[in-house]
1. Roughly how many percent of the accessible protein surface of the range 49-158 is carbon and sulfur, given a 1.4 Å probe and a whole-percent answer?
2. Per residue, how much accessible area does the chain show when a 1.4 Å probe rolls over the protein heavy atoms, in square angstrom?
3. Where nothing but the Cβ of Lys and Arg (+1) and of Asp and Glu (-1) is charged, how large is the charge dipole of the range 91-146 around its Cα centre, in debye to the nearest 20?
4. Add -39500 (n - 2.57) for each DSSP H run of 4 or more in the chain, then divide by its residues: what number comes out at 222 nm, to the nearest 500 deg cm²/dmol?
5. Sort MET219, MET79 by accessible area with a 1.4 Å probe, largest first.
6. Net charge near ASN323, counting Lys/Arg +1 and Asp/Glu -1 over other residues with Cβ under 13 Å of its Cβ?
7. Return the long-range amide H neighbours of LEU144 (sequence gap of 5 or more, or a different chain), with a cut-off of under 5 Å between placed amide H atoms.
8. Specify the inter-centroid distance of the range 49-106 and the range 276-296, based on alpha-carbon positions, in whole Å.
Amino acid sequence: MRNIAILGSTGSIGTQTLDIIRKQPGLKVTALSAGRNTKLLEEQIREFHPGLVSVQDEDSAKDLRVRIADLDTKVVSGMDGLLAVATEPASELLVTAIVGMIGLRPTVAAIKAGKNIALANKETLVTAGHIIMPLAKEYGVSILPVDSEHSAIFQCLQGESMNPIDKILLTASGGPFRGRKTEELRQMKAADALKHPNWSMGKKITVDSATLVNKGLEMIEAGWLFSVGADQIEVVVHPQSIIHSAVQYADGAVIAQLGIPDMHLPIQYALFYPERKPLPQEKLDLFALGSLTFERPDEETFRGLALARKAMKTGGNLPTVLNAANERAVALFLQDRIPFLEIAEIIEESMENIPFIEAPDLSQILETEALVYERIDKVEV
């Protein structure tokens with residue numbers, strides 16, 4: 001039996017993780033965290049019987065305690081609650097499905113507590129890869145990628161430990177605006193950006209896919225996960241989302257991982273690694289598919305990708321600036337307070353004006369995030 005704790009159990013990755021646990025024997029939920037969705041969390045508690053759960057604030061905790069008064073599950077809240085879930089003694093693996101930099105401190109705490117990490121929180125490595133990866137090595141824990149692209153790369157590296165990576169081919173669907181030019185994007189609203197052609201994801205990551213910022217964040221994350229530089233990562237637009245990413249080796253051989261666009265496979269791979277288990281879902285049918293196509297990304301129109309590459313090459317706290325500015329800009333866009341193209345403008349302006357820190361510690365990373373938020377909020381009020 002493998003004991004699992006989940007940060008972000010009511011979100012997209014969290015609910016799909018629980019769907020796998022529901023269907024697969026050998027997995028047990030010991031702790032869950034969620035935001036304010038106490039109704040769904042209550043349903044999860046009654047089904048999976050975790051000993052500990054955490055919610056965003058004490059008001060939500062009080063509501064949940066009333067809802068589950070007939071159960072023995074302990075309810076905690078806030079950052080202390082997240083840290084408790086992350087370090088819950090019985091768990092062996094922590095699934096970090098929480099969105100945002102709020103996942104940083106719990107991830108660090110989990111590593112220090114000896115928990116393996118199934119990583120679905122991009123911000124952890126984008127902003128603090130220089131802290132997380134050495135810490136994981138120091139404590140002897142595994143960082144198992146859950147994002148479909150990073151899981152694909154990880155799978156392509158199995159059995160190749162003696163062969164260094166020549167190049168990573170990081171695939172992108174192109175999002176809902178693939179092929180559009182700048183003039184066409186000026187009038188795009190949040191409702192347009194949320195119509196992803198292939199994937200069912202949360203709102204924030206769907207907008208990130210539309211801007212290609214998501215692919216930029218994944219590029220930075222891949223650099224830390226697989227110890228490669230920006231020049232060793234090539235983004236390839238692949239509209240069918242069947243090749244989830246690939247690795248090219250020194251002899252020119254390219255090993256790719258293919259599958260239908262569904263997150264259950266990479267999540268399950270992380271939960272059971274290194275073992276593969278049967279997965280009761282649709283399988284890839286190449287005959288039905290017919291063909292696969294590939295394009296270069298349009299970085300002049302979708303400037304977020306180029307900005308992310310600059311942040312990756314510069315390092316320091318610049319990836320934190322990129323990430324924080326994007327989070328705030330996307331939130332404004334989803335409220336229809338700014339136009340689509342202004343997302344990249346806000347990111348660039350922040351990267352140019354926030355003071356640079358070459359080797360930020362955890363507190364400086366969080367301070368950088370706060371500075372970015374403060375600057376954007378002043379401008380956008």
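1. Numbers: 2080 of 4050 Å².
Answer for the range 49-158: carbon and sulfur cover 51 percent of the accessible area.
2. Working: 16580 Å² over 381 residues.
On a per-residue basis, the chain sits at 44 Å².
3. Numbers: 5 positive and 3 negative charges, 12 e Å.
In debye, rounded to 20, the range 91-146 gives about 60.
4. Working: 17 runs with 181 residues, N = 381.
It lands at -14000 deg cm²/dmol.
5. My answer, sorted largest first, is MET79, MET219.
6. Numbers: positive: LYS122, LYS204, ARG328; negative: GLU123, ASP208, GLU218, GLU221, GLU327, GLU369.
Value of the local net charge: -3.
7. ILE117, ALA118, LEU119
8. One Cα centre to the other: 37 Å.
The values are calculated or read from the model by the stated rules, or taken from the named source; none is laboratory data. What you see is a predicted model, and the numbers here were worked out from it, not measured in a lab. Glycine also receives a Cβ, built like all others from the backbone with ideal geometry; neighbour counts cover every protein chain displayed. Surface accessibility is based on the protein's heavy atoms, side chains included, excluding ligands, DNA and RNA. Shrake-Rupley method; radii C 1.70, N 1.55, O 1.52, S 1.80 Å.
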